[in-house]
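Novice: Take this structure, written in structure tokens, and hold onto it; I'll ask about it next.
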Amino acid sequence: MPEWLPALMPASALWIIAAALLLALLIDAALGEPPAWLHPVVGMGQYLALWCNWLLVQRPAMAFVAGAVLWVVGATVVAALAWSAQRFLLRELPAVGAVLLLALLLKPLLAWRMLRREVLAVETALTESLDAGRERLSRLVSRDVSALNEAEVRESAIESLAENLNDSVVAPLFWFMLLGLPGAAVYRFANTADAMWGYRGRWEWAGKWAARADDLLSWLPARLTALLLATVHGGLNLRALRAQARHTPSPNSGWPMAAMAMALDVQLRKPGVYALHAAGRAPRAEDSTAGIGLASRAVWAGALLAIGVLVLAAWAMEASRP
């Protein structure tokens, strides 16, 4: 084992991080999101929103440089705050207190309960009317929903479930497992920046750094999310999954969406852009519930995997002590 590793993350810290990860998911299940004034992701969005109008009037080269600098400044501040908080908790508090407070700090960086609720809300709204379903979907996706039919509304909701399963749950947990609270916090900053700045058109240059940073940080977690979905489903053809994932313009979002489409045996499409598992049927009402069940099993499978890795690493460190 490298000599620097215990100094960077001692075994005692790994036990605390493993326990905090589990507790954060339980807090999410019980309480959901904190109020907006206390939510760190809302604060990240407010920082990014401050610069939107200014960035959009810059020339391409200046927009790219400014977007990159503002991203780095924001990510550095987020990382420093998270590192300072984690360092204080791990050094100054007893283990029980450190676990509790670290879980409370991690929880806002996860959004599984909210994602599950929003997808179910789209399905509930569709039972009222197509317009109600479209309106509810508009809270979940950025695309124009005004011309979508019922099947397309449902497809979009299931796509969002699969994509955000990675962005809002698996990826933050992955980076928390590797780098603690700073890892999860920087990932959520990167993902929020991509959601706000990472568009083509007017944002082609100002948001390019944000988009590429999110692509990089999401690359491995997106594939892990797809593998988790495939595993809890009982197995998928991984070669076919890889082929389907390549149909989307994004290098990452196609993986969890393709896995979800194949597991449910439904087609997921964005007209004129991609069609995933085109041989599948149009999704029905029960597929939303089935997709949430599949995603929930993937969340807990991923959490148990992360906890197992942390516990094994802690044991290995303790066993290697002289």
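Please treat every number below as a calculation from the coordinates, not as lab data. From a predicted model like this one, the values you see are computed outputs, not experimental measurements. Glycine gets a Cβ as well: all are built from the backbone with ideal geometry, and neighbour counts include every protein chain shown.
Novice: Based on the Kirkwood radius over alpha-carbon pairs, what is the Stokes-Einstein translational diffusion coefficient of region 275-315 at 37 °C with 0.692 mPa s viscosity, in µm²/s?
Specialist: 260
Novice: Follow-up question, since we're still on this one. Which of the following values of semi-axes √(5λ) of the Cα gyration tensor in Å was calculated from the structure shown: (1) 33, 25, 19; (2) 26, 24, 20; (3) 35, 19, 16?
Specialist: Identified label for the calculated read-out: (1).
Novice: Please compute the contact order of region 167-322 in relative form: average sequence separation of alpha-carbon pairs under 8 Å and at least six residues apart, divided by the residue count, as a percent.
Specialist: RCO, region 167-322: 18 percent.
Novice: Note down the nm distance, to one decimal, between modelled labels 7 Å out along Cα→Cβ at R246 and at L120.
Specialist: Label at R246, label at L120, 3.9 nm between them.
Novice: I need S84, S218, S250 ordered by Cβ neighbour count within 10 Å, fewest first.
Specialist: Listed from fewest to most nearby Cβ atoms, that is S84, S250, S218.
Novice: Taking 0.36 nm per residue of separation and subtracting the Cα-Cα distance, what length does fully extending A316 through S142 add?
Specialist: Here the segment from A316 to S142 would lengthen by 58.1 nm.
Novice: Okay, moving on. From the backbone phi of region 118-134, what are the Karplus-calculated ³J(HN,Hα) couplings (6.51 cos²θ - 1.76 cosθ + 1.60, θ = phi - 60°) in whole Hz, Gly and Pro given as x?
Specialist: Karplus values, whole Hz, x for Gly and Pro: 5, 5, 5, 5, 5, 5, 4, 5, 5, 5, 7, 5, 5, 4, 5, x, 4.
Novice: As a footprinting exposure proxy, order S142, S168 by other Cβ within 10 Å, with the fewest listed first.
Specialist: Least to most surrounded, the residues fall as S142, S168.
Novice: Still on this structure, I have one more. As a test of the formula, what do you get for the chain when each DSSP H run with n ≥ 4 contributes -39,500 (n - 2.57) and the sum is divided by the residue count, at 222 nm and rounded to the nearest 500 deg cm²/dmol?
Specialist: Here the helix-only value at 222 nm equals -24500 deg cm²/dmol.
Novice: Quote the FRET efficiency, to the nearest 0.05, computed for V42 versus A301 with a Förster distance R0 of 45 Å and r equal to the Cβ-Cβ distance.
Specialist: 0.95
Novice: Still on this structure, please answer the following. Residues with amide H under 5 Å of R269's amide H, sequence separation 5 or more or different chain, H placed in the peptide plane at 1.01 Å from N; which?
Specialist: L276
Novice: Using the 10 angstrom Cβ neighbour count as an exposure proxy, how do I17, I292 rank, fewest first?
Specialist: I292, I17
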